[in-house]
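Below is one structure, written out as structure tokens; the observations come after it.
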Amino acid sequence: MSASMVRATVRAVSKRRILPTRAALTLTPAAVNQVRMLLQDKPEYIGLKVGVRTRGCNGLTYTLDYTTEKNQADEEVLQDGVRVFIEKKAQLTLLGTEMDFVDSKLSTEFVFNNPNIKGTCGCGESFSI
């Protein structure tokens, strides 16, 4: 036999702790309620789609759109009966992000608390990773 043999051994590990996977995006109760309210009168839409675009003085901005279908490359986040889809381009930038909804005297908006952001512009509209 001139062919070399490669051996592999399988071992069962009894005390290995399996870590739960983190959701790509988590929604606060305020964000869940707002998404639900936005979609309640729009039965043709199945959820919101979150994306990123190259724009602004610091590189990237978030986009939010209604969506009628899930694209093959979209990541689906289902939380408390609300569906949010993440575009392929935005999946790595949103990993571990919390989506909140804030209603203040000056603005009513979705706020993304993203641990991956390295810098933002002065107005808070754009960010870099």
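The values are calculated or read from the model by the stated rules, or taken from the named source; none is laboratory data. As the structure is a computational prediction, the values presented were derived from the model and not from experiment. These accessible areas exclude ligands, DNA and RNA; they are computed on the full protein's heavy atoms, side chains included. Shrake-Rupley method; radii C 1.70, N 1.55, O 1.52, S 1.80 Å.
What the table below lists for this structure:
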quantity: Probe 1.4 Å - accessible area at Lys89, Å² to nearest ten; calculated: 120
quantity: HN-Hα J in Hz across segment 64-77 - Karplus 6.51, -1.76, 1.60, θ = phi - 60°, x for Gly and Pro; calculated: 10, 9, 6, 9, 9, 8, 9, 6, 4, 8, 6, 8, 9, 10
quantity: Three principal axis lengths of segment 28-77 [C-alpha, angstrom, descending]; calculated: 35, 28, 17
quantity: Partner aspartates and glutamates for Lys49 [C-alpha distance under 12 Å; skip if fewer than 8 residues away on the same chain]; calculated: Asp65, Glu69, Asp74, Glu75, Glu76, Glu87
